[in-house]
Amino acid sequence: MRFLTAGESHGPELTAIIEGVPSQLSLTAEDINKHLARRQKGYGRGRRMQIEKDQVRITSGVRHGKTTGAPITLVVENKDWTHWTKIMGPEPLEPGEEEEVKRKISRPRPGHADLNGALKYRHRDMRNVLERSSARETTVRVAVGAVAQRILEEFGMKIAGHVLEIGDVVAEKNESLTVEDIIALSEASEVRCTDPNAEEKMKQAIDDAKQNGDSIGGIVEVVAENVPVGLGSFVQYDRKLDAKISMSVMSINAFKGVEVGLGFEAARRNGSKVHDEIIYSEGTGYQRRTNNLGGFEGGMTTGMPVVVKGAMKPIPTLYKPLQSVDIETKEPFSASIERSDSCAVPAAAVVCEAAVAWEIADAFLDKFGSDTIPDIHAHLEHYQNEVRDF
Ligand code: EPS
């Protein structure tokens, strides 16, 4: 499969076109809307989320609740657009209208795409950069991920994203939680965290940051269960699924790090404390005693849960701005203040889940074919029988 997204934060709408989704997959707007609503929640969001109520329109590739195999187009309107029609409109400006176009940005925010983007595309108004680099784009990433999640569900896979850390507050890790448990606990939490004690401290940390005109980042984790063994491949660098997942996660706005399984901790341990011993039992087939490697060996899934973490830096828009330079005067100035969230880590857990879901679904279709759902079921069943007794 492949997809592209388009759209600006305060433009009329966000769009995605997905190609390669098999035919006969059941898919409704509600399947997507429920994930869009999850992304909009979370303690620490700003006022924009009160303006938007993200809802998808499916304008191609789905008929009577089933995919046809044709490209799927997803559209999410920006309700805020009505306030921005002149500022963001595509029509050339009439003489004298320049004045009406306020909110020109000439003071780049450190940590945002503003300055590099302005230099690269030679925009004197950095709004041309900000609008597309905004994390508003993650709305359609989640819509695309929701389609991937329908594929995972169809073939019995389960996936959940949740928050492990916000600032210096670390949730207690409970290794025995299943994906179902993670979903139940994190959905009930305002910070999408399974540990209620940490939740209160996280909310306090967010309040403190907000009070200080600051922002705060964190770490999210995605766990996927029932992923068949052998997705991805060791034979070529760009077919390693853990590498593809890492790329996808790193491409999420503000993400600065990715770990698979133990991640960096694996480097600090001896081999005997890292590698997962192999066991076999009749009926179940091969398994690992532990899952330190997060469901991957040799760029391929092992059949154990896929476990991926992503680190999100604090949002760069600060109400107490950092030092910057005005590109018109070259004078030092405080960076521009744009309306922003103080913490978007709970939302980022949903975005990360969408990114990982997409890569797993894509690798799954690579392995099991991609034309029709019934054919893929037959192929999967044959393969599962083969590897169980192998
Ligand atoms: C964002 C700034 C804020 C956030 C936005 C990301 O938008 P605005 O400037 O309109 O208040 O709300 O996030 C979303 C709109 C969203 O849907 O997550 C930024 O600059 O990245």
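The values are calculated or read from the model by the stated rules, or taken from the named source; none is laboratory data. As the structure is a computational prediction, the values presented were derived from the model and not from experiment. With ideal geometry, Cβ positions are generated from the backbone for all residues, glycine too; neighbour counts draw on all protein chains shown.
Okay, here's what the table says:
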read-out	value
Count of the stretch 309-348 residues which are more than 13 Å from the ligand (Cβ to nearest atom) and under 30 Å from L152 (Cα atoms)	3
I183 modelled with pLDDT of 95 or more and aliphatic (A, V, I, L, M)	yes
Tally of residues being part of a strand (DSSP E or B) and either without any contact (Cβ under 8 Å) to a residue 12 or more places away in the chain or buried (at least 16 other Cβ atoms within 10 Å of the Cβ) (or both) across the stretch 1-11	3
Single residue of the stretch 238-287 satisfying the filter (touching a residue at least 40 places away in the same chain (Cβ under 8 Å), more than 28 Å from the chain's Cα centre (by Cα) and surrounded by 13 or more Cβ atoms within 10 Å (Cβ to Cβ)) that is nearest to A113 (Cα to Cα)	Y286
Cross-chain or 6+ apart pairs with Cβ under 8 Å, the stretch 135-146 first and under 9 Å from D54 (Cβ atoms) and in a helix (DSSP H, G or I), then more than 8 Å from the ligand (Cβ to nearest atom) and among the small types (G, A, S)	V142/A354; A143/A16
Where S26 falls short, out of the listed (1) small (G, A, S); (2) touching a strand residue (DSSP E or B) at 6+ places or on another chain (Cβ under 7 Å); (3) surrounded by 16 or more Cβ atoms within 10 Å (Cβ to Cβ)	(3)
Members of the stretch 28-55 that are within 10 Å of the ligand (Cβ to nearest atom), at pLDDT 95 or above and not in a helix (DSSP H, G or I)	D54
Residue selected from the stretch 56-69 under the condition more than 16 Å from the ligand (Cβ to nearest atom), closer than 18 Å to Q149 by Cα and not basic (K, R), by the criterion surrounded by the fewest Cβ atoms within 10 Å (Cβ to Cβ)	G65
Residue in the stretch 160-169 that is within 30 Å of D371 (Cβ to Cβ) and either in contact with a helix residue (DSSP H, G or I) (Cβ under 7 Å, 6 or more places away or on another chain) or in contact (Cβ under 8 Å) with a residue 40 or more places away in the chain (or both) present	yes
Of all residues making up the stretch 155-178, the number that are crowded, with 18+ Cβ neighbours inside 10 Å and either of a type outside the set (A, V, I, L, M, F, W, C) or in a helix (DSSP H, G or I) (or both)	5
Unmet requirement for I72, which otherwise passes all of (1) within 11 Å of the ligand (Cβ to nearest atom); (2) surrounded by 14 or more Cβ atoms within 10 Å (Cβ to Cβ); (3) closer than 28 Å to I183 by Cβ	(1)
Matching entry among I18, I51 (being free of Cβ contacts under 8 Å to residues at least 60 places away in the same chain and either on the phi > 0 side of the Ramachandran plot or β-branched (V, I, T) (or both))	I51
Every pair of residues 6+ apart whose Cβ atoms lie under 8 Å, when the first sits in the stretch 225-237 and is of a type in the set (D, E) while the second is surrounded by fewer than 16 Cβ atoms within 10 Å (Cβ to Cβ)	E225/T178
Close pairs from the stretch 173-191: first closer than 14 Å to Q40 by Cα, partner assigned to a helix (DSSP H, G or I), Cβ under 7 Å, at least 6 apart	S189/E199; E190/E199; E190/K203; V191/E199; V191/M202; V191/K203; V191/P346
Where L14 falls short, out of the listed (1) under 21 Å from the mean Cα position of the chain (by Cα); (2) more than 13 Å from the ligand (Cβ to nearest atom); (3) in a strand (DSSP E or B)	(2)
Subset of the stretch 99-134 that is of a type in the set (S, T, Y) and part of a helix (DSSP H, G or I) - its residue that is farthest from the ligand (Cβ to nearest atom)	Y121
Residue in the stretch 83-98 that is within 16 Å of the ligand (Cβ to nearest atom), more than 29 Å from H162 (Cβ to Cβ), touching a residue at least 12 places away in the same chain (Cβ under 8 Å) and in contact with a Ser or Thr (Cβ under 8 Å, 6 or more places away or on another chain) present	no
